[in-house]
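Since the structure comes first, as structure tokens, the remarks are kept for the end.
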Amino acid sequence: MLSFSRQVLPKARNMALTTVRTKATLPELPYDYAALEPIVCREIMEIHHSKHHQAYVTNYNAAKEQLDEAVAKGDTNKIIQLQPALRFNGGGHINHSIFWKNLSPEKTTPSDALKQAIVKDFKSIDNLKAELKTAAVGVQGSGWAWLGLNKKTGILQVVQCANQDPLQATTGLVPLFGIDVWEHAYYLQYKNLRPNYVDAIFDIVNWKDVSERFSSA
Ligand SMILES: [Fe+2]
């Protein structure tokens, strides 16, 4: 789940309803910054979490506050103008909140149900990894590769998302596992070798978390 803190504001004069404003907050990592070494070094994790993810949270909250004001005033132009900032920063918060939990320093394996679904849709886990790698390496510029579940068809799909577009809001697929291929996720350690970073990420997949996302979807 995403981290939010709720702030109940007092009833304003002439307002029929109490306004509840929900602020996004930076979630704590489920492990230490150095826990994913040597796959992802401490420095990357610390900057990625405490600077990049924090910036998405801060900027999303600022845009959301402006949105609340624009909605209260009925300022449709402002509401529309705020959409790119909400999509980018809100997406960044959603994506990274999933990404931290998708990774683990402990060795895990997919549940039987997830394994069966992977074999049904990709023939094998190795094939799934190969498709994810192709998608991740092929992202032009900054973005993500995702394993998502199409709830209508029950089929697992590998897709790319540009920038910080959140998978569910932009495609309808339920996100199970994502690979962040923004340069901030790997460049300090892997330089221009994105394929090596993607190969290494498969060693720290938290299959328990991915399986839980699959079963709750
Ligand atoms: Fe990132």
Full-extension gain between residue 169 and residue 50, please, as 0.36 nm times their residue separation minus the C-alpha to C-alpha distance.
40.4 nm
Select from segment 108-217 those chymotrypsin sites (Phe, Trp or Tyr not before Pro) which occupy a DSSP coil region and have at most 15 other Cβ atoms within 10 Å, ordered by residue number.
none
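If exposed GluC sites (Glu not before Pro) are those in a DSSP loop with at most 10 other Cβ within 10 Å, what is the longest stretch of the chain that has none?
107-217
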At 222 nm, what value in deg cm²/dmol follows for the chain if DSSP H runs of at least 4 each add -39500 (n - 2.57) and the sum is divided by all its residues, to the nearest 500?
-14500 deg cm²/dmol
Mind pulling the angle between the C-alpha long axis of helix 125-138 and the longest principal axis of the chain? Nearest 10 degrees, somewhere in 0 to 90.
60 degrees
If you roll a 1.4 Å probe over the heavy atoms of the protein chains, what accessible area per residue do you get for segment 112-216, in Å²?
47 Å²
On the accessible surface of the chain, probed at 1.4 Å with all protein chains in place, carbon and sulfur together account for a percent value of 52 percent
In terms of solvent-accessible area of protein heavy atoms at a 1.4 angstrom probe, what is the ranking of 41, 161, highest value first?
41, 161
Given 107/191; 101/133; 123/151; 51/208; 64/208; 123/191, the pairs whose alpha carbons are separated by over 23 Å:
107/191; 51/208; 64/208; 123/191
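The values are calculated or read from the model by the stated rules, or taken from the named source; none is laboratory data. If you're wondering where the values come from, they're calculated on a predicted model, not measured in any experiment. All Cβ positions, even for glycine, are placed from backbone atoms using ideal geometry, and neighbour counts span all protein chains on display. Only protein heavy atoms, including side chains, enter the accessible area calculation; ligands, DNA and RNA are left aside. Shrake-Rupley method; radii C 1.70, N 1.55, O 1.52, S 1.80 Å.
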